[in-house]
Amino acid sequence: MGFTIEDMMTVSGSRYKIKLEAGRHGWANSISWILMIEDMTILQNFAGKDLAVTTGLGFRQPEQQLELVKELSRLGASGLIINTGMYIMEIPGKVRAFCEDNDFPLMTVPWDIPLFDMIKDLNMRILLQGITDDEISGALIQAIKTPEDTENCRRRLLPYFDVDGTFQVVLIKPGNLDTMDTVERRRISFQLQIYLESISHNASFFYYDAAFVMVVNDVPEDHLRDLLDRFVKRLEIRMPDHRICVGIGSPMKDIQNLHLAYRRAGAAVRMAAESGQKMIWFDDMGLYRMLCLIPDPLLRKEMGEKLLAPLLIYDREHGTNYIETLEIYLETGGSIKAVAKRTFTHRNTAVYRLGNIRKLLGNELDSPADRLRYQIACMLLHAPGEVDSCWKDRKTAVQADMPEHRGALRHVARWCAQASALSLIHISEPS
């Protein structure tokens with residue numbers, strides 16, 4: 001994940017007497033470049049992930065220093081180094097407190113350190129690490145695109161990863177990513193990486209196929225879950241104007257299975273986007289794990305819309321919600337009471353509607369096999385397939401033809417949350 005604050009402290013901390021004063025939880029922040037800053041106007045050149053260095057010439061007052069760290073934190077800077085001993089003798093308590101509370105690394109170097117030499121040295125290390133990162137991301141993309149060329153990918157990644165270990169893929173997709181230009185996408189990428197704390201050398205972050213991708217290697221799942229929970233909370237606070245979805249694939253052993261981890265992460269992020277959820281783990285999706293990985297759009301239509309066509313047509317022509325009623329009936333094990341309660345109707349009304357549903361379908365829904373068949377059909381209405389263009393065309397057509405039918409999409413989140421009850425079959429794709 002680039003040259004980090006931790007890297008800098010490890011390889012150059014003693015040489016330049018760099019001392020971490022506050023913001024220790026930002027230890028894993030990666031650095032894209034180092035810039036000198038002596039007044040606030042230069043901040044307009046910050047693209048994110050830059051490490052700021054100042055002598056304090058233009059920030060002699062504590063209020064100015066506090067304003068500086070607040071603005072740098074807002075812009076997604078990696079941290080700040082203050083050259084103490086001339087214009088700033090010690091760091092004010094309020095500045096330390098802000099950096100500690102916001103995980104913003106604040107460091108000092110003494111006045112006798114030649115800043116020009118330090119910045120030149122560190123920028124060279126950043127440049128070399130950037131070349132390495134490009135090599136890693138290129139090899140990972142190759143492993144995703146051409147899994148049959150495993151040995152070549154293994155050889156390229158061996159110096160950086162445990163290629164026989166466990167890999168997991170996280171896909172991060174802002175809702176308007178397709179419309180962003182390169183500069184805006186780069187800025188968003190920097191911000192996202194800043195918010196992904198406590199993970200560095202056992203991960204790689206890059207942009208691929210209209211999404212930001214993070215590949216982690218041998219990271220315990222409980223640690224990853226904790227990290228991503230905090231990541232999503234940071235996004236809510238610091239990027240409230242961006243609709244960002246996160247999908248996490250299954251842990252996969254060996255680099256040769258990275259393409260499967262990527263496919264599963266793709267299914268999870270599509271489900272998150274369709275259901276309005278911020279983050280979904282593929283392994284928590286129950287039966288949707290299989291349904292979302294069906295690549296054949298005609299099969300999906302035959303097993304879903306075609307089977308439910310009588311109800312879809314009836315709902316469109318009469319403004320009813322028979323699909324929603326059927327979904328509730330099936331997911332509650334055939335409970336009339338539950339249908340009545342959740343549709344806010346009398347029990348007799350629920351019985352009447354279910355009678356009509358049986359007639360329209362030509363099926364009494366008595367056998368477990370029939371119920372499962374129709375339950376899968378209902379779920380397929382919600383499960384975004386691997387062929388995105390087909391899914392988008394289908395969804396647009398359904399919404400255009402049936403503006404009155406609102407039950408399906410409204411219940412996607414509920415279905416995903418309850419799908420684990422149906423996860424009786426272990427799904428694994430062929431390599």
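Summary table below
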item: Condition check for Glu364: assigned to a helix (DSSP H, G or I), of a type outside the set (Val, Ile, Thr) and at pLDDT 90 or above; result: no
item: Gly247, sole failed condition from (1) part of a strand (DSSP E or B); (2) more than 22 Å from the chain's Cα centre (by Cα); (3) small (Gly, Ala, Ser); result: (2)
item: Residue in segment 119-137 that is touching a residue at least 12 places away in the same chain (Cβ under 8 Å), of a type in the set (Val, Ile, Thr) and surrounded by fewer than 18 Cβ atoms within 10 Å (Cβ to Cβ) present; result: yes
item: Options Tyr207, Tyr262; residue that is part of a strand (DSSP E or B), modelled with pLDDT of 90 or more and among the hydroxyl-bearing types (Ser, Thr, Tyr); result: Tyr207
item: Contacts under 9 angstrom Cβ, first residue in segment 43-54 being closer than 12 Å to Arg187 by Cα and at pLDDT below 80, partner among the hydroxyl-bearing types (Ser, Thr, Tyr) and not in a helix (DSSP H, G or I), 6 or more apart; result: Ala47/Ser32; Gly48/Ser32; Gly48/Ser78
item: Residue that is nearest to Glu324 (Cα to Cα) [pool: residues in segment 351-366 that are surrounded by fewer than 17 Cβ atoms within 10 Å (Cβ to Cβ) and basic (Lys, Arg)]; result: Arg358
item: Failed item in (1) within 30 Å of Arg238 (Cβ to Cβ); (2) among the β-branched types (Val, Ile, Thr); (3) touching a residue at least 40 places away in the same chain (Cβ under 8 Å), with Ile113 passing the rest; result: (1)
item: Segment 305-350, residues that are in a loop (DSSP other than H, G, I, E, B) and either crowded, with 19+ Cβ neighbours inside 10 Å or not assigned by TED's automatic domain parsing to the domain that holds Tyr374 (or both); result: Asn321
item: Scope segment 275-304; condition β-branched (Val, Ile, Thr) and surrounded by fewer than 22 Cβ atoms within 10 Å (Cβ to Cβ); matching residues; result: Ile294
item: Check on Asp162, under 27 Å from Arg270 (Cβ atoms), acidic (Asp, Glu), out of contact with any Gly (no Cβ under 7 Å at 6 or more places or on another chain) and in the same structural domain as Leu224 (by TED's automatic domain parsing); result: no
item: Any chance Leu140 is outside the structural domain of Ala265 (by TED's automatic domain parsing), among the aliphatic types (A, V, I, L, M) and outside any loop (DSSP other than H, G, I, E, B); result: no
item: Failed item in (1) touching a helix residue (DSSP H, G or I) at 6+ places or on another chain (Cβ under 9 Å); (2) surrounded by 17 or more Cβ atoms within 10 Å (Cβ to Cβ); (3) within 22 Å of Arg270 (Cβ to Cβ); (4) not charged (D, E, K, R), with Ser189 passing the rest; result: (1)
item: Index of the failed condition, Leu157 passing every other in (1) in contact (Cβ under 8 Å) with a residue 40 or more places away in the chain; (2) out of contact with any Ser or Thr (no Cβ under 6 Å at 6 or more places or on another chain); (3) surrounded by fewer than 19 Cβ atoms within 10 Å (Cβ to Cβ); (4) not polar (S, T, N, Q); result: (3)
item: Residue in segment 4-22 that is more than 30 Å from Thr132 (Cβ to Cβ), out of contact with any Ser or Thr (no Cβ under 7 Å at 6 or more places or on another chain) and not in a loop (DSSP other than H, G, I, E, B) present; result: no
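Each row is one residue, and each column tells you yes or no for (1) of a type in the set (A, V, I, L, M, F, W, C); (2) modelled with pLDDT of 95 or more; (3) under 21 Å from Tyr195 (Cβ atoms); (4) surrounded by 14 or more Cβ atoms within 10 Å (Cβ to Cβ).
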residue	(1), (2), (3), (4)
Ser32	no, no, yes, yes
Thr41	no, no, no, no
Leu80	yes, yes, yes, yes
Gly93	no, yes, no, no
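The values are calculated or read from the model by the stated rules, or taken from the named source; none is laboratory data. These numbers were taken from a predicted model, which means no experiment stands behind them. FYI the Cβ positions are ideal-geometry reconstructions off the backbone, even for glycines, and counts take in every protein chain you see.
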